[in-house]
Amino acid sequence: MGSQPGYQQTLNYLYEKLPMFSRIGKAALKPDLTNTIRLCAALGDPQTRFRSVHIAGTNGKGSTSHGLAAVCRQAGYKTGLYTSPHLIDFRERIRINGEMISEQWVVDFVEKHKALIEEVQPSFFEITVAMAFAAFAEAEVDIAIIETGLGGRLDSTNIITPVLAIITNISYDHKDLLGNTLQEIAAEKAGIIKTQVPTVIGEQNDETERVFFEHSVHKQSTLHYAQSLWGMVRTGLDARYQYYKAINNARREMYDLRTDLAGNYQQHNIKTILTAVELLAHQGFNLTIAGALSALAHVKSSTGLMGRWDWLHEHPNIICDVAHNPAGLKEVLEQFNSLPATVGNDNHPPLASTPGRHIVLGFVKDKDVDEALSLFPADAAYYFCNAAIYRALPAQELCTKANSMGLSGKPWPSVAQAVEAARAAMSANDSLLITGSFFIVGEALSTWITEKAEMQPLV
């Protein structure tokens, strides 16, 4: 099924006309919220016409956003979801009840407001935020889950006044934009804390705790620490689901949980989601823990979430994950390294010997690549590549750097060719991880979805 007439031309206009962070990096960012305020004012301030939850954090905000959206949707609320960046289709950024906005809606919006766009000259992200708010207001959503793009204080999404703010965690990323210390980065994320709006802190850190406390005092916002409120004990794992005992520490209640959020790191996000559910229930939303546990079993099908410990194939195992900074990569690599011990079924029991590991890897230029590479195992076969964007670190440059650090592999001209080479080299008991950036994973998923795979996909 092809695109609507004019859809691709509209996207080309947005991509080429407007500064885009994913394409050119720091130069695309605007130093304040002026453009977003101007755009939304011209659109009738749509952000004031729906209730919202605002989510920031270094890692986990995408999974948390999708998980909370799944919970709200299952409870019967018409739910908007704004996330970024997209992996395959621009419209992934703006969903209503799990469905992407239509191509025609995008075409009509840009055509109708082209004069405004030309006048304000916003960044790509600024117009996308305005577009999302307009779509949610027009659809009369009951609640919108809004993920920040970068930071918080100066992020374009930060013109909303939500009913709940969430900060998932703080670690090092975008140091050139957000700061060189965890405290500086936390201060930027804490910019989403609003006056008398409760705030969930997903993961606590001694270095950032005072930052959040001081912001909360100034804003008269009550902090709720998910890590203290909930405990998680994993009881099982397979290619589709994780199984947990979720423990409410205050009430000493234990719940059985099955979730299709399959990464080890998702236990932190689930604690955050469960904390948010109880706070939203206190504000009159008809949400329950039982309902949340049910919704968390099918987040991917409910919301379209992709690229988070996304298991594409079994035997050989093919997994992709959008981890792109040291903290995220550390979690993903720990799980990847444990695969032989954690995967298996009656037909394919785990091997006593260690299967081969293959990693398709690429980064963007503005990441701390040296620190990231130091986390990767030396006993894997590497396929270095770069996404088809200006910000991508050239595959040859990445290969040279990685080889000097003891990682063996060679560069490939494209993500698709790197994945193809890895698959050709794998035996049935090997595992392949595709990671390093959203753009690497996006191109790999696009190839996986649009081309007929040689191997039978996981069903």
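Side notes on the structure shown:
- Which numbered condition Arg95 fails, given (1) of a type outside the set (S, T, N, Q); (2) open to solvent by 30 Å² or more (accessible area, probe 1.4 Å); (3) within 24 Å of Val299 (Cβ to Cβ): (2)
- Residue match in segment 151-158 (condition: open to solvent by 30 Å² or more (accessible area, probe 1.4 Å), touching a residue at least 24 places away in the same chain (Cβ under 8 Å), farther than 21 Å from Tyr15 by Cβ and part of a loop (DSSP other than H, G, I, E, B)): yes
- Looking across Gln396, Gln417, one residue alone is open to solvent by 70 Å² or more (accessible area, probe 1.4 Å) and within 28 Å of His315 (Cβ to Cβ). It is Gln417.
- Of the listed requirements (1) surrounded by 19 or more Cβ atoms within 10 Å (Cβ to Cβ); (2) among the basic types (Lys, Arg); (3) farther than 23 Å from Ala190 by Cα, Lys61 misses just one: (3).
So that you can scan it fast, the table gives a plain yes or no per residue for (1) open to solvent by 10 Å² or more (accessible area, probe 1.4 Å); (2) of a type outside the set (Ser, Thr, Tyr); (3) over 15 Å from the mean Cα position of the chain (by Cα):
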position: Arg234; (1), (2), (3): yes, yes, yes
position: Leu274; (1), (2), (3): no, yes, yes
position: Asn286; (1), (2), (3): yes, yes, yes
position: His298; (1), (2), (3): yes, yes, yes
position: Trp309; (1), (2), (3): no, yes, no
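- Candidates Thr275, Thr208, filtered to the one that is of a type outside the set (D, E, K, R) and touching a His at 6+ places or on another chain (Cβ under 9 Å): Thr275
- Those residues of segment 200-240 which are in a helix (DSSP H, G or I), within 30 Å of Lys300 (Cα to Cα) and not hydrophobic (A, V, I, L, M, F, W, C), in sequence order: Gln227, Ser228
- Among the residues of segment 354-364, some residue qualifies, meaning at least one is touching a Leu at 6+ places or on another chain (Cβ under 9 Å), modelled with pLDDT of 65 or more and over 18 Å from Ser408 (Cβ atoms).
The values are calculated or read from the model by the stated rules, or taken from the named source; none is laboratory data. Everything quoted here is computed from the prediction, not taken from an experiment. All Cβ positions, glycine included, derive from the backbone under ideal geometry; neighbour counts span all protein chains shown. Side chains included, ligands, DNA and RNA excluded: accessible areas come from the protein's heavy atoms. Shrake-Rupley method; radii C 1.70, N 1.55, O 1.52, S 1.80 Å.
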